[in-house]
Amino acid sequence: MSFKLNDLVQIIKSNLTIVKNFGYLNLVQILNYGFPLVVMPYLVLRLGLSNYGLVNYAIAISSYFLLFIDFGFSLQGTKEVQNNKNDLNKLNEINSSIYIIKLFISLFCLIIMCLLILVFSKLGAEKWLYIYTLLSVVFQSMIPVWLFQGLEKMQFNAILTFLSKGIFLVFLFSFDIEKTDYILVPLGSLLGWFITFIISLVITYKKFKIKFIIPSYKIISQYISRSYPLFISQFSINFFRNMNTIILGVFSSDFVIGIYTLSEKIVKSVQSLQNPLGQALFPFLTSKWSKQSPLKSLKSLIRFSKYPLLFFVFLYIATLLSSGFIITYFAGKFDLRIFINLMILLPVVIIGGMNYYFGILGLVAIGLNDIFKKSVFIASSTGFIFMLFLNYLFNDIGASIAFLLTELILLYKILSYIKMRIQNEE
């Protein structure tokens, strides 16, 4: 036992940076998904399911703009910084280029949102809700997470996340919110992310000595070109996840959206437990996979897959056994309709988790982006058809079924491509 303990200590010491980053990222995820444990029941109680659904509909629309503004830099930017972390001039170039690209995309997104508000009466009736939600997303995307992850200084990301959530909570609980006060939700989020963004600029300049420069058009184009494949992959894989809510809003009421989004958020909160380890491992695995052949990396990926599978099965069983308590806590009472949605969505904890493992930590980290892109495109395209028909026929229940089926198709395609690649190279 003594030998095993010493062996474990040595492993931890030799991977201390990963352990620290895992800890900080875990803290961020606790804040991101522990935060709803406090806010969601409060909002459902104060706003009611209809207005809660309305707020989440605005968030779902803005999530697409967030994908555009991020443009894959949460991963590609991390890679760029990781590969040049000892070159200050290069870091100035990387950071400035990302900010400039994000700024222009943000301006474009604001114009598009204004046009949507003018064209669609459903959005125009709540124009400030959608504008404040989008502005909140803009400032959130400007936090230089790519820099902190690439430099392996995740503690700053944890501090800034804590600060933004804290400001939001203080703002929210400063008012005696009633059902008609739903506009305070995006306003509080906007305030939190704006202040955090300003502080992040100070940290970037004071702590890391990184300055803002204006790179040439050619250099900026290179960063756009390198990040574009990851943007397409991230956009595709998130397309069906957020589109479900959008389509549901076309066919159903805000109340139905509230039922579905509450069920979906419970599942995503459970799924989020995978993110700290995944984000901490991504730079490490990218470096590790690059030093060996894709064939060897894919075989290692398959060989170790039983460990994440066991973890996701454990999460599934734990959530299943406590589902009654979870629903009562978030909704204020047990709701059969939420329970049915949750039972349909719950297998996504396992299936989606393995998609993340094989897709992001596997194919993307190995550099086989094209394989992952093809898998996601096929799953997203098929899933979109499921969403249209099932949402129209069965409302929230159909949305949950469509979500589950799309995740299943994605896992099947990823595993099929991996198997085919291994067979072709052997």
Restricting attention to the range 79-115, which residues are out of contact with any Leu (no Cβ under 7 Å at 6 or more places or on another chain), surrounded by 20 or more Cβ atoms within 10 Å (Cβ to Cβ) and closer than 25 Å to Leu281 by Cα? Lys79, Glu80, Leu91, Ile94, Ile98
The listed residue being modelled with pLDDT under 75 and assigned to a helix (DSSP H, G or I), out of Asn244, Asn238: Asn238
Residues within the range 411-426 that are in contact (Cβ under 8 Å) with a residue 12 or more places away in the chain and basic (Lys, Arg), tallied: 2
Given the criteria at pLDDT below 95, more than 21 Å from the chain's Cα centre (by Cα) and not hydrophobic (A, V, I, L, M, F, W, C), does Lys374 qualify? no
Please specify each residue of the range 176-217 satisfying the condition of being among the hydrophobic types (A, V, I, L, M, F, W, C) and outside any helix (DSSP H, G or I). Ile177, Ile183, Phe208, Ile210, Phe212, Ile213, Ile214
Could you look through the range 312-368, keep only residues that are in contact with a helix residue (DSSP H, G or I) (Cβ under 9 Å, 6 or more places away or on another chain) and outside any helix (DSSP H, G or I), and pick out the one that is modelled with the lowest pLDDT? Gly367
Flag for Gly249 being within 22 Å of Pro36 (Cβ to Cβ), modelled with pLDDT of 75 or more and touching a Ser or Thr at 6+ places or on another chain (Cβ under 8 Å): no
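The values are calculated or read from the model by the stated rules, or taken from the named source; none is laboratory data. In this text, all values refer to a predicted model and were calculated from it rather than measured experimentally. Using ideal geometry, Cβ is built from the backbone for each residue, glycine included, and neighbour counts are taken over all protein chains shown.
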